[in-house]
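The values are calculated or read from the model by the stated rules, or taken from the named source; none is laboratory data. These numbers were taken from a predicted model, which means no experiment stands behind them. Cβ sites come from the backbone with ideal geometry, for glycine too, and all protein chains shown count toward neighbours.
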Amino acid sequence: MSETTSDPTAPVASPAPASDFVKSEKPREPLLEIEGLEVSYRTASGDIPAVRGVDLTVHTGESVGLAGESGCGKSTLASTILRLEPSNATVRGGIRVCGKDVRTLGWSDLRALRWGQAAMVFQGALHSLNPVQRIGDQIAEPIRIHDSTPAKGIPARVRELLNQVGLPSDRAQAFPHQLSGGQRQRVMIAMALACRPELIVADEPTTALDVMVQAQVLALLTGLVEELGLGLLMITHDLSVLGSTCSRIAVMYAGRVVEEGPADEVFEQPQHPYSAALSAAFPRIGDPAARYAPAGLPGDPPNPQELPSGCTFHPRCPVALARCSEYDPPIRMAEPNRPVACVLVGEDGRDRSAAQSS
Amino acid sequence: MTGPLLRVRDLTVEFGARGKPIARAVDGVDLDVDAREVVAVVGESGSGKTTLARTVLGLERPTSGTIEFDKSPLPTTVRGLRPYRRRVQLVLQDPTGSLNPRQTVYESVAEGLRIHRMVTRSTDSESEQVSRALTHAGLRPPENFFLRYPHELSGGQRQRVVIAGALALQPELLVADEPVSSLDASIRGEILALLLRLRDELGLTVLVITHDLGLAWNIADRIAVMYLGRLVEYGTAEQVLSEPRHPYTQALLSVVPEMHDLEPTVLTGEPPDATRIPGGCRFHPRCPALLDGRAQNAAITEACRAKPLPVINTTEGHVSACWLPETHVR
């Protein structure tokens, strides 16, 4: 556990020697290990808790989905993985990427970790790309700065990357505005792959894209995970996207993970009422129950500054009990490997929670 | 009610700039929308669905073809369009962009009433009309929202204010262009339920433009699938989504992430360009039926590549524009 601010020039607690960054073949060690992560933002009107105790693990060759709505803290969590959070954020808890403690890493090692071992794909590719630079040059930039590829080999590597994401190599000469939305998102993925990272964090990678292009980009991402043995953390509010691409899903609400489990189980048989609502928001086409019956949740996601008492979901929960307004349920195992935070869930959930709340 | 509320016949809309090839965004569309009906136009980006909606609203001029609303042709003059634009209202995707950040909710909703001089024509005062519109849009009690600014509202509430602004003018047709795609998952269902309730309570007709087939299954009575400026399939939501006939509709449906049991047919490439519409069937360069041998077995590959398809007649029930014989069963 360590507490650091995001200031990149902050004193380094335990600088790891650069030689540690030889890509190791250690099996079993998770690519990403988040333990007890808490993030709050200091503002003029007080501290705003954005992430309130999250544990999350991503292994090699695994794709993990993080689901949640705006304001639930999912993008804050993503930003802390590469220490990209804004400077008014206070971070507590442990974040290890490829075995390195991101919170205490020295500046040069952190630079090596970004791109080289873990890379991000952001939403809105149009805004992430430089409009006046050819895309080949933009893909080459991280390679030139972070990778050991000799300068002569860079154009070939750019062509290879473009082919890897399904773009013809002559697109290297194009400017971003000459590409369609899907092609720009492919360029973002090519950039993320440029320095052969082991972990990719994708924040809403398909949100602005339409169905067919979304399917192409998702197929590309899952293909790359299999082919290159990457770890993927995918963040979106669309549970159906995660259900079809990830092996595991964690659902976040108001800064905490409220349910986690195998993707198809969380999507098909959600245990937490919030996951159930997210899952029902995207109907199964052909299901007569969804005809003329769009499923929604009353109310809005909570304001992190004024979190409801007890279980933070209780004001919107369709099955809330009286005690839910006082008692915040801890994570319990609904089934082996299926942690859920709800009073209605868990073998002895009812009895124990009743005892604790009284 | 006899005859459709909205009748589109052989509509073509072209865009051209000097020195650039002409883009035919809408290329021969027939579409009937009955009163109190929810019709969804679905398709990828670049299919022409938004241009179709804008032309229906009188924001683009048809290059050729006709649009009739309530049995009279769409006015073409600014003066003539004014009463029409009260009867047909638009709701856009991004409520934050649709609202003036420096206007209160009351001002935003009352603006349309003032432009169309609705207050002098009615016995109800302006604030009564604003209250009624906010109540219909699910913002209760309305007085609590009068003096709020958009930044004080959640995304779902903002979209309700946009809808209230449209409802204040007592329109007959609501055109909603991706009404929920920028909203959170849990808010989405609430807004869609609101559109359905408005149809039931106020008798509104709704034309929804979307790429979201789940949305169409949730609320649409009929679905028109659009590809490169043409309707390629039309029918009730059950017909189009449970028994899709056109290979394009089948492919669209197979890539919806909820459809686990379908083998996804991911079409290669992006939607082609409206400045270069392929000959024959416009979908043939991407058509899975030409790749998997269905077209060869039916001996229609020549027709697919060279023979243009007729415009589908949307008064005939479940129809699709494809040369494959199995798509023509009645």
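Things to note:
- Of the residues making up the range B:201-223, one or more are within 26 Å of A:Leu66 (Cβ to Cβ) and either charged (D, E, K, R) or not assigned by TED's automatic domain parsing to the domain that holds B:Leu31 (or both).
- Taking strands (runs of 3 or more DSSP E) as the structural unit, those lying wholly within the range B:18-82 and holding at least 3 residues that are out of contact with any Pro (no Cβ under 8 Å at 6 or more places or on another chain) and crowded, with 22+ Cβ neighbours inside 10 Å correspond to B:23-33, B:38-42.
- Condition check for B:Ala185: among the hydrophobic types (A, V, I, L, M, F, W, C) and under 22 Å from B:Arg87 (Cα atoms): no
- Boolean, A:Pro283 is crowded, with 21+ Cβ neighbours inside 10 Å, within 13 Å of chain B (Cβ to nearest Cβ) and in a loop (DSSP other than H, G, I, E, B): yes
Let's see how each residue does on (1) within 14 Å of another protein chain (Cβ to nearest Cβ); (2) under 27 Å from the mean Cα position of the chain (by Cα); (3) among the β-branched types (Val, Ile, Thr):
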| position | (1), (2), (3) |
| --- | --- |
| B:Pro95 | yes, yes, no |
| B:Leu99 | no, yes, no |
| B:Ala110 | no, yes, no |
| B:Arg117 | no, no, no |
| B:Ser125 | no, no, no |
| B:Glu128 | no, no, no |
| B:Ser131 | no, no, no |
| B:Thr135 | no, yes, yes |
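- The range A:318-344 - residue that is over 25 Å from the mean Cα position of the chain (by Cα) and assigned to a loop (DSSP other than H, G, I, E, B) and, of those, nearest to B:Asp200 (Cα to Cα): A:Pro318
- Check on A:Thr206, polar (S, T, N, Q), at the interface with another protein chain (Cβ under 10 Å from one of its Cβ atoms) and surrounded by 24 or more Cβ atoms within 10 Å (Cβ to Cβ): yes
- Hits in the range B:108-143 - residues which are of a type in the set (D, E, K, R) and over 23 Å from B:Ser98 (Cβ atoms): B:Arg121, B:Asp124, B:Glu128
Yes/no per residue for (1) over 30 Å from B:Leu183 (Cα atoms); (2) touching a His at 6+ places or on another chain (Cβ under 7 Å); (3) at pLDDT 90 or above:
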site	(1), (2), (3)
A:Thr9	yes, no, no
A:Phe21	yes, no, no
A:Glu25	yes, no, no
A:Leu31	yes, yes, yes
A:Asp47	no, no, yes
A:Thr57	no, no, yes
A:Thr60	yes, no, yes
A:Gly71	no, no, no
A:Ile81	no, no, yes
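- Residues of the range B:227-238 that turn out to be within 12 Å of another protein chain (Cβ to nearest Cβ) and either in contact (Cβ under 8 Å) with a residue 60 or more places away in the chain or surrounded by 24 or more Cβ atoms within 10 Å (Cβ to Cβ) (or both), as a count: 3
- Identity of the residue in the range B:239-249, assigned to a loop (DSSP other than H, G, I, E, B) and more than 19 Å from B:Asp27 (Cβ to Cβ), that ends up farthest from the other protein chains (Cβ to nearest Cβ): B:Arg245
- Residue match in the range B:91-102 (condition: in contact with a strand residue (DSSP E or B) (Cβ under 6 Å, 6 or more places away or on another chain), assigned to a strand (DSSP E or B) and not polar (S, T, N, Q)): yes
- Among (1) at positive phi; (2) within 14 Å of chain B (Cβ to nearest Cβ) - the single one A:Leu221 does not satisfy: (1)
- Taking the criterion of being touching a strand residue (DSSP E or B) at 6+ places or on another chain (Cβ under 6 Å) and on the phi > 0 side of the Ramachandran plot, the only residue of the range A:289-348 that qualifies is A:Gly346.
- Selection status of B:Ala224, among the small types (Gly, Ala, Ser) and at pLDDT 95 or above: yes
- Counting only helices (runs of 4 or more DSSP H) that sit wholly inside the range B:154-220, those with at least 3 residues that are more than 19 Å from A:Pro301 (Cα to Cα), within 11 Å of another protein chain (Cβ to nearest Cβ) and among the charged types (D, E, K, R) are B:185-202.
- Test for A:Ala289: is it assigned to a helix (DSSP H, G or I), more than 7 Å from every other protein chain (Cβ to nearest Cβ) and surrounded by fewer than 16 Cβ atoms within 10 Å (Cβ to Cβ): yes
- Restricting the range B:137-153 to residues that are farther than 11 Å from B:Ser108 by Cα and part of a loop (DSSP other than H, G, I, E, B), the residue that is farthest from the chain's Cα centre (by Cα) is B:Pro141.
- Taken together, A:Ala263, A:Ala295, A:Ala250 contain a single residue that is more than 29 Å from B:Leu195 (Cβ to Cβ) and within 11 Å of another protein chain (Cβ to nearest Cβ), which is A:Ala263.
- Per the conditions (1) crowded, with 23+ Cβ neighbours inside 10 Å; (2) within 14 Å of chain B (Cβ to nearest Cβ), the sole criterion not satisfied by A:Met191 is (2).
- Verdict on A:Ala295 being crowded, with 18+ Cβ neighbours inside 10 Å, out of contact with any Leu (no Cβ under 8 Å at 6 or more places or on another chain), among the aliphatic types (A, V, I, L, M) and at pLDDT below 90: yes
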